[in-house]
Amino acid sequence: MKLLHFYYDIMNLYGEYANLLALGRILQKSGIEYTVDKRSFSDEVNLEEYDFIYIGSGTERNRNAVMADMQRYKEALRTFITNDRPILMTGNSFEMLGQSVTDALGSQHEGLGLFHFTVKEQNKVRTTADTIVTADFCDKPLVGFVNKCSQIEGITSPLFDVKMGLGNQENDTKEGFRTHNLFGTHLTGPILIKNPHFLIYLAQLLVGQDKTLCTDYLTYETAAYEVTLSELSTGSRE
Amino acid sequence: MKRFFTILICKILRWVGKLVGKGSSLPGKAALKLCPDILSRVKLPPYIIAVTGSNGKTSTVEMIAHLLTKNGKNVAWNKEGSNQIEGVTTLVLSNSTLGGKVKSDILLIESDERFARYTFRYIKPTHYVITNLYRDQLTRNGHPEWVYDALADSIHDGMQLILNADDPLVSHFGYGKKDVLWFGANELPTDTDRNTSVYNDGAYCPHCKQPMTYSTRHYNHIGHYQCTSCGYHRRDTDYTITSVDLDKGEMVIDGKNKITLALRSLYNMYNLLAAYTVGSVVGLDGQKIAEDLSDYVMKNGRVVSFSIGKREGTLLVSKHENSISYDQSMRIAAADKRGCDVMIIVDAISRKYFTGDVSWLWDIDFEMLQNENVHEIILAGTYCNDLAVRFSYTDIPEERIKIFKSIEDAYHYLDSDRSEYIYTITCFSDKGKFLSLL
C-alpha cells in the first residue's frame, strides 16, 4: 500500500501530518505493508503509483503557491479521482480543486479547475469554530475545528451536514466536498486521530471491504473522541 | 472637558477596581465608550516602547520595566498584562494628569498581536519590539502569516523597529527598511544543523516562497537562514548573544557583557536580549544593564516552585495551543541531570474562550521526554486521552506514562516516596487547579 503525503512540508499547519500516522498504524496493526512518501515542490511525482493521497492545510499564500505548482498534476489528479482512488484533503487544500481562489486583495488565482466551485477570501476576520458534522457513511458524528477566511460557492455535492460550527458559506448547513472517493473538508488538523470511526471507514475503503481491520487498539482514541463530542456539545453553550 | 471627565472616570474605576481586585481592562473600556479617541487627546512621553510577538512579551516587558526603573526612570507599564486596547487605555489614563499629560518618562506597552493595529492607531510607539511569530493560539489567531498581516497594519513610518533577526517572518517587517535595530544570537553550542522540531515553519522563504536553508538553527525556525532564490537572509545584528554556557547558567552579550541566568532556557535568553536592547536604546550602559538583568527572577508567576510531601518541584507555566512554549518547558525538564518526573495537564484549553481543539498537541515535540533524565510522565485533565494518544506515537515506553482524568488524583499519585524532582507543565487556564491542591 503506497500512501502519498503531498506538500507535506508546507501544507501542514495544524498537526495534520498525524493523519498519515493514524492511517499507517491501522494498516500496520492489520498486518498490511505500507509506505508513506512525503513529496513537495521539488519532486516529480507519478500519482498513478499511489493508493491514497493526503493534503493538509496551509496559509493562504502557501496554498496559492501549491495550487500554482499543482497545475502540472491536473490531469493525473483527474484520472486518480475518476478511478475511485481515495483522497483526503483537509483545511483549505480542497479549495484548490475549484475554478479559482479570489484572495483578500481581490486578485484571482487560477484553481485546478476540476470542479465548478469558486472560492473567495477576505483578510479581516478569521472564521473559526469547533464543529460537529454528520455524514451518511458514518454512524457517529465527526468532531473537529474549522479555521478559515473563505466562502465557497457552487458546491453541489457536499461531504458533511453541519450540526454545529461552520459550513461552506455563511449560514450553510453543508460542509466540504465529495465526489467518488475524494473527501474534501474544512475540518483542520488530525481528523483521523480525532475521529477513529472515520479512520476505520477510510482505511476499509483503502484495503477493500473483504479485509478485516484491527481496531481494538483504539481505546484512548475512542475515549478522546467521546470527551470532545461531549465538551463541544456542552462547553460551547457556556 | 470631555477629556477631563473621561480621565477622571477611568481613574475612579481603576481605584475601585484595585480595591475589589478586578482586572485592568474595564476602566479603559468605559473610557473608550465615553470618548473613543481619548488616546489621541493625551500628551504622551518622549519614549513609547511597545513589545509584541507570540511568546515572551509579558516577560520581556517585565524585564524592561525592572531595568528602567532600577536606573531611575519613571516607567508606566501594563503590569497585569492587559494587552488589548482597553488595558492600554487604562494604563495611559491612570498614569496621566487630569489635564491629559502622561506623568512618566517612558510608556511601556505590551500589546496583543492582533489588536496592535487598533491600539497604535492612536498611540504610535517610538520604539517597537517584535519578539517572534510562532504557531500560537491558532484557533483564534489563524496562523503566523495571518498574524503577520495584522501586525503589518500596526507599523507606521517613524517608528524605530527593533526586530528579532533570527525569526525569518519577524525580520520581514524590516524588509527594505533602513533604520531597523536587529537583535539575535550567534551560533550556539545547543544549535542543530537541521530542523529537529515536529514541523518546519522555516522551510520556505516568507518573501518569495522558495526553499530556505539554515547555516545554524537555535530551535524550530529560529536561526540563521537564507533563501535559495531571492537572497532574503538573516541580517547582521546590532545586539547579539555571542556565547552561552547553559551548565554555568551564563550568557554573554556583544562579547563583553555577561548575564547570569535565573532560568536556563534559550527562550529566557531572547527575552533578556530584547530587554538589553531596549535598555541600550534609552541610553543605559551595557555593563550596567547586564548587572541589573543578572539573576533576575520573573515576578509574573510563570515559574513557581512547590513541594508535594517530601518532593520538590517547579511549575513551568506554558501556553496551551503553543507548541514552542511547550517545547521550551520540556527542554528544561529534559536537561535536568538530577532526574525528574514530568506532569502535563490539559484540562481547559483556554481561560478566555472555549475550544475543544487539540490539534496543537501534534506540533509539540514530546519525543524529547524520551531522555534518561526524565523518568515518569503523568498526564492529567479532561484531555488526558488525547495526550495519551499523542504519547503513543512517541518512542516513550507505555509503562512510564500514568494517566489521570482528575488533576487531584494525579496530585495524590505524585505524593509518594519517589525522589525525583517534579516538573509540572501546564497553562494559565489550568495552573490554579494544580496550585490550589498544594
Legend entry - Residues that are surrounded by fewer than 19 Cβ atoms within 10 Å (Cβ to Cβ), among the polar types (S, T, N, Q) and within 13 Å of another protein chain (Cβ to nearest Cβ), drawn from region B:371-405: B:Ser392, B:Thr394
Inset, instruction - For residues that are touching a Lys or Arg at 6+ places or on another chain (Cβ under 8 Å) and either over 28 Å from B:Gly255 (Cβ atoms) or away from every other protein chain (no Cβ under 14 Å) (or both), scanning just region B:181-198, find the one that is surrounded by the fewest Cβ atoms within 10 Å (Cβ to Cβ). - result: B:Asp193
Inset, instruction - Evaluate the following for A:Gly144: is it assigned to a loop (DSSP other than H, G, I, E, B) and surrounded by 22 or more Cβ atoms within 10 Å (Cβ to Cβ)? - result: no
Legend entry - Odd one out for B:His172, checked against (1) more than 18 Å from B:Thr52 (Cβ to Cβ); (2) within 14 Å of another protein chain (Cβ to nearest Cβ); (3) within 20 Å of the chain's Cα centre (by Cα): (1)
Inset, instruction - Would you mind finding the one in B:His221, B:His127, B:His233, B:His207 that is buried (at least 21 other Cβ atoms within 10 Å of the Cβ), at pLDDT 95 or above and out of contact with any Lys or Arg (no Cβ under 7 Å at 6 or more places or on another chain)? - result: B:His221
Inset, instruction - With the condition kept exactly as written, say whether any residue in region A:80-90 is among the polar types (S, T, N, Q), closer than 22 Å to A:Leu13 by Cα, outside any loop (DSSP other than H, G, I, E, B) and over 17 Å from the mean Cα position of the chain (by Cα). - result: no
Legend entry - When residues of region B:256-272 are limited to those that are assigned to a helix (DSSP H, G or I) and polar (S, T, N, Q), the one surrounded by the fewest Cβ atoms within 10 Å (Cβ to Cβ): B:Asn268
Inset, instruction - Kindly indicate whether any position in region A:206-213 is out of contact with any helix residue (DSSP H, G or I) (no Cβ under 6 Å at 6 or more places or on another chain) and within 30 Å of B:Cys384 (Cβ to Cβ). - result: no
Inset, instruction - Answer with yes or no whether B:Asn257 is modelled with pLDDT of 95 or more, of a type in the set (S, T, N, Q) and either in the same structural domain as B:Glu62 (by TED's automatic domain parsing) or touching a strand residue (DSSP E or B) at 6+ places or on another chain (Cβ under 6 Å) (or both). - result: yes
Legend entry - Identity of the residue in region A:1-30, of a type in the set (Gly, Ala, Ser) and surrounded by fewer than 24 Cβ atoms within 10 Å (Cβ to Cβ), that ends up nearest to the other protein chains (Cβ to nearest Cβ): A:Gly24
Legend entry - Members of region A:192-238 that are within 9 Å of chain B (Cβ to nearest Cβ) and in contact with a strand residue (DSSP E or B) (Cβ under 9 Å, 6 or more places away or on another chain): A:Lys194, A:Tyr220, A:Tyr225, A:Thr228, A:Leu229, A:Glu231, A:Leu232, A:Gly235, A:Ser236
Inset, instruction - Considering only region B:107-141, state which residues are in a loop (DSSP other than H, G, I, E, B), of a type in the set (Val, Ile, Thr) and either more than 17 Å from B:Ala76 (Cα to Cα) or in contact with a Pro (Cβ under 9 Å, 6 or more places away or on another chain) (or both). - result: B:Thr126, B:Thr131
Inset, instruction - Looking at (1) touching a Lys or Arg at 6+ places or on another chain (Cβ under 6 Å); (2) modelled with pLDDT of 95 or more; (3) over 13 Å from B:Leu315 (Cβ atoms), find the lone condition where B:Ile407 falls short. - result: (3)
Inset, instruction - Look at B:His172 and say whether it is in contact (Cβ under 8 Å) with a residue 12 or more places away in the chain and surrounded by 22 or more Cβ atoms within 10 Å (Cβ to Cβ). - result: no
Inset, instruction - Would you check if there is a residue in region B:323-337 being out of contact with any Lys or Arg (no Cβ under 6 Å at 6 or more places or on another chain), of a type in the set (Ser, Thr, Tyr), surrounded by fewer than 18 Cβ atoms within 10 Å (Cβ to Cβ) and not assigned by TED's automatic domain parsing to the domain that holds B:Ser54? - result: no
Inset, instruction - Take B:Leu133 and decide whether it is crowded, with 24+ Cβ neighbours inside 10 Å, at pLDDT 95 or above and within 12 Å of chain A (Cβ to nearest Cβ). - result: yes
Inset, instruction - Answer yes or no as to whether B:Val342 is modelled with pLDDT of 95 or more, among the β-branched types (Val, Ile, Thr) and over 22 Å from A:Ala18 (Cβ atoms). - result: no
Legend entry - Among the candidates A:Gly98, A:Gly91, residue that is touching a residue at least 24 places away in the same chain (Cβ under 8 Å), of a type outside the set (Val, Ile, Thr) and on the phi > 0 side of the Ramachandran plot: A:Gly91
Inset, instruction - Please tell me if A:Val45 is surrounded by fewer than 18 Cβ atoms within 10 Å (Cβ to Cβ) and either of a type in the set (Phe, Trp, Tyr) or within 14 Å of another protein chain (Cβ to nearest Cβ) (or both). - result: no
Inset, instruction - Report yes if some residue within region A:31-38 is out of contact with any His (no Cβ under 9 Å at 6 or more places or on another chain) and either free of Cβ contacts under 8 Å to residues at least 12 places away in the same chain or within 14 Å of chain B (Cβ to nearest Cβ) (or both); otherwise report no. - result: no
Inset, instruction - Output the residues belonging to region B:233-255 that are assigned to a loop (DSSP other than H, G, I, E, B) and either within 17 Å of B:Glu187 (Cβ to Cβ) or touching a residue at least 24 places away in the same chain (Cβ under 8 Å) (or both). - result: B:Arg234, B:Arg235, B:Asp236, B:Thr237, B:Asp238, B:Leu246, B:Asp254, B:Gly255
Legend entry - Of residues in region B:158-169 being part of a strand (DSSP E or B) and surrounded by 20 or more Cβ atoms within 10 Å (Cβ to Cβ), the one farthest from the other protein chains (Cβ to nearest Cβ): B:Ile162
Legend entry - Index of the failed condition, A:Glu226 passing every other in (1) surrounded by fewer than 15 Cβ atoms within 10 Å (Cβ to Cβ); (2) assigned to a loop (DSSP other than H, G, I, E, B): (2)
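The values are calculated or read from the model by the stated rules, or taken from the named source; none is laboratory data. None of the values given here were measured: they were computed from a predicted structure. In this analysis, Cβ positions are derived from the backbone assuming ideal geometry, glycine residues included, and neighbour counts consider all displayed protein chains.
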